[in-house]
Amino acid sequence: MIKKFLIFVFLISFAQIANSSENDIYKKIDLFGEVLKKINKEYVDEINQSESMDSAINGLLQSLDPYSSYMSPEIFNEMQTETSGEFGGLGIEVSMESGVVKVISPIDDTPASRAGIKAGDYIVKINDTQVQGKSLSEAVELMRGPVGSGIELTVRRRGEKKALNFTIIREIIEVKSVKADLLEKNIGYVRLTSFNENSSEQIKKEIKNLEKNKSVKAYILDLRNNPGGLLSQAIKISDFFLNNGEIVSTKSRKASENRKWFAKNGDLINGKTLLVLINYGSASASEIVAGALKDHKRAILLGENSYGKGSVQSIIPLKNNGAIRLTVAKYYLPSGKSISEIGVSPDIEINEETDNFRIKTETDNQLNYAIKLVNG
């Protein structure tokens, strides 16, 4: 009888807590409505209430992490109708941090990379408009414009005391994700700039062509300034160099949605020495590949610590024809380590000597070191 009474009391208490929590939420919603009315009535300038609500929604999402955001119907529609692999702009992957736009990575051979924009740069002003207080979507919208038109970015950079100004001309951005070459007749070089839907097939094709040269004794996989892309491609590309073992896992709020991916037998380069180049601009899918190959001791990592974007975003459509980009899970390497805000550390740390490294030049410190390491 006492046990039943205690269970009954516990259920009553739990229900009261749940009701109290729900009441608190409704009170906050009422408070928000009151604040909006006060602003609309008392603020020095007339406001657009619809835009204010969009900003409030976006503020809620960006309070969660730098990658969650709100897309208005217009922005969501633009995202859906963009031509795959070709778009107008500057050629940078960005996120929001501390109220300003942070460059994850400039894309190879684009206006941004040629101008000298670097991974980790903070964009504080776009033309004459301060970024502080803008949402990521609003900032991206400010950076868009007609092909051939100019834009001025004011940037804060680690280690620089003064702000840097860059004038950039917008172009059609054509993303060619894979480049390959034969270095010094015996080293296969594969440069991957992004993980799009065709990256794995392109890499497989390039490796098969390089393998026709029987003198190839080692490979360099260059993931520097690669901002990531499709998880499916990261898994396939990791699998190209592994015969077994876990590649990556994702953990979400719901245990039923946790997943693991494993390698299948078949190393495309038959166990040859593999070196992977990474830097601060290597993010997301790049970190999955680098981390998996490092954990399985299949590759030597050279360069700098990677960016640390280890979260999975899902695009969720809304009733107003807009959408939210929401973080729904996190990536974990085979070792069990999270990538989020930590990144992947290189086995051999080598800093870049120049703002814009170039393939096969004397100024590319990391690539030259990799070549020397292979050749002994």
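The values are calculated or read from the model by the stated rules, or taken from the named source; none is laboratory data. None of the values given here were measured: they were computed from a predicted structure. Please note: Cβ atoms are built from the backbone with ideal geometry, for glycine as well, and neighbour counts cover all protein chains shown.
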Inset, instruction - Could you identify the single residue in PHE195, PHE240 that is aromatic (Phe, Trp, Tyr), in contact (Cβ under 8 Å) with a residue 60 or more places away in the chain and assigned by TED's automatic domain parsing to the domain that holds PRO346? - result: PHE195
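Considering only residues that are crowded, with 19+ Cβ neighbours inside 10 Å and modelled with pLDDT of 90 or more, which ones fall in region 126-137?
The first filter runs over region 126-137 and keeps only residues crowded, with 19+ Cβ neighbours inside 10 Å, leaving 126, 131, 134-137.
The answer is ILE126, and nothing else.
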Inset, instruction - For region 72-86, state whether one or more residues are loosely packed, with under 12 Cβ neighbours inside 10 Å and at pLDDT 85 or above. - result: no
Inset, instruction - Go through region 177-291 and tell me which strands (runs of 3 or more DSSP E), entirely inside it, have 1 or more residues that are at pLDDT 90 or above, under 22 Å from PRO346 (Cα atoms) and among the charged types (D, E, K, R). - result: 187-192, 218-222, 246-252
Legend entry - Test set (1) closer than 30 Å to ILE278 by Cα; (2) surrounded by fewer than 17 Cβ atoms within 10 Å (Cβ to Cβ); (3) in the same structural domain as THR167 (by TED's automatic domain parsing) - VAL100 fails condition number: (2)
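Looking only at region 251-279, count how many residues are closer than 20 Å to LEU223 by Cβ and touching a strand residue (DSSP E or B) at 6+ places or on another chain (Cβ under 8 Å). Give the derivation first.
Taking region 251-279 and keeping what is closer than 20 Å to LEU223 by Cβ, we get 261, 263, 267-269, 272-279.
Subset that is touching a strand residue (DSSP E or B) at 6+ places or on another chain (Cβ under 8 Å): 261, 263, 269, 272-279.
The qualifying residues number 11.
Across region 323-338, which residue is nearest to ASP295 (Cα to Cα) among those that are part of a strand (DSSP E or B) and of a type in the set (D, E, K, R)? Break it down stepwise before answering.
Residues of region 323-338 part of a strand (DSSP E or B): 323-332, 338.
Okay, now just the ones that are also of a type in the set (D, E, K, R), so 325, 330.
Numbers: ARG325: 30, LYS330: 18 Å.
Among them, the one singled out is LYS330.
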Inset, instruction - Scan (1) closer than 22 Å to VAL175 by Cα; (2) surrounded by fewer than 22 Cβ atoms within 10 Å (Cβ to Cβ); (3) within 16 Å of the chain's Cα centre (by Cα) for the single condition GLN202 breaks and write down its number. - result: (3)
Inset, instruction - Might you check whether a residue that is of a type in the set (A, V, I, L, M, F, W, C), under 30 Å from ASP54 (Cα atoms) and in a strand (DSSP E or B) occurs anywhere in region 125-139? - result: yes
Inset, instruction - Tally the residues that are buried (at least 19 other Cβ atoms within 10 Å of the Cβ), under 25 Å from PRO106 (Cβ atoms) and in contact with a Phe, Trp or Tyr (Cβ under 7 Å, 6 or more places away or on another chain), restricting the search to region 225-258. - result: 4
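Please verify whether LEU274 is touching a residue at least 40 places away in the same chain (Cβ under 8 Å), within 29 Å of SER340 (Cβ to Cβ), in the same structural domain as GLY303 (by TED's automatic domain parsing) and under 16 Å from the mean Cα position of the chain (by Cα), treating the condition exactly as stated.
Values: touching a residue at least 40 places away in the same chain (Cβ under 8 Å): yes; within 29 Å of SER340 (Cβ to Cβ): yes; in the same structural domain as GLY303 (by TED's automatic domain parsing): yes; under 16 Å from the mean Cα position of the chain (by Cα): no.
When the stated conditions are applied, LEU274 does not pass them.
Could you list, in sequence order, the residues of region 297-326 that are farther than 24 Å from GLU341 by Cβ and polar (S, T, N, Q)?
From region 297-326, those farther than 24 Å from GLU341 by Cβ are 297-298, 300, 317-323; that's our starting set.
Result: ASN320, ASN321.
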Inset, instruction - Would you confirm whether any residue within region 299-313 is of a type outside the set (Ser, Thr, Tyr), free of Cβ contacts under 8 Å to residues at least 60 places away in the same chain, surrounded by fewer than 24 Cβ atoms within 10 Å (Cβ to Cβ) and over 30 Å from VAL216 (Cα atoms)? - result: yes
